[in-house]
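Report on the following structure.
Just so it is clear, none of the values below were taken in a lab; they were calculated from the coordinates. Just so it is clear, the structure is predicted and the values come from calculations on it, not from any experiment. Glycine gets a Cβ as well: all are built from the backbone with ideal geometry, and neighbour counts include every protein chain shown.
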């Protein structure tokens, strides 16, 4: 029997937008009204669109309880085109999106969860503020379940949250000289499909 940390990324089920919305509706049933449940697809699209627009405008986004989607500039650098022949290549300068667990000090500008809630509330007037808060809590909880290692979520033209399987290792404390075994774990990774100019 394999443990979850022994799984490989290609063995993980992929939740498309439709599957993700169905799971979200199932998890929020009983917490939202029928009207609000029917509006979850629109709210999910607006949630993803809001985050995408923020990242395209080079504003990082804090996902409450998960981490931060950081936008930052990487300078041009020398690289290797072919590892075997060591043929040199220039890696062009570009804007990139990375996902950092917990809080991030790198971001100069950041969009908070309350800003996202206000945009969803203004964009879908049939939802109450409480509905929007419950929806937002539910969508982040579902994304957070990626760390269990059973599935990954993928949104076309935005990106995917995937489980990153980290092997156990021995950590060395340079001050005390103590060695400590760090167990294998699963954390959330993010792969952006956005092109930021």
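For segment 125-164, list residues with backbone N below 19 Å from a point placed 7 Å from the Cα of residue 101 toward its Cβ?
Hits in segment 125-164 for residue 101 at 19 Å: 140-153, 160-164.
Provide, as a two-decimal number, the C-alpha radius of gyration of the chain over 2.2 N^0.38 Å, N being how many residues it has.
Expressed relative to 2.2 N^0.38 Å, the Cα Rg reads 1.20.
Rounded to the nearest 0.05, what FRET efficiency do residue 72 and residue 112 have when you use their Cβ-Cβ distance and R0 = 22 Å?
Taking R0 as 22 Å, the efficiency between residue 72 and residue 112 is 0.75.
If R0 is 45 Å, what FRET efficiency do you get for residue 156 and residue 181 from their C-beta distance, rounded to 0.05?
Details: r = 41 Å, r/R0 = 0.91.
E(calc), rounded to 0.05, equals 0.65.
With a cut-off of 19 Å, note down the residues of segment 32-62 whose backbone N falls inside the zone around a label point 7 Å from the Cα of residue 193 toward its beta carbon.
41-57
What's the extension gain from residue 42 to residue 29 if we count 0.36 nm per residue and subtract their Cα-Cα distance?
3.0 nm
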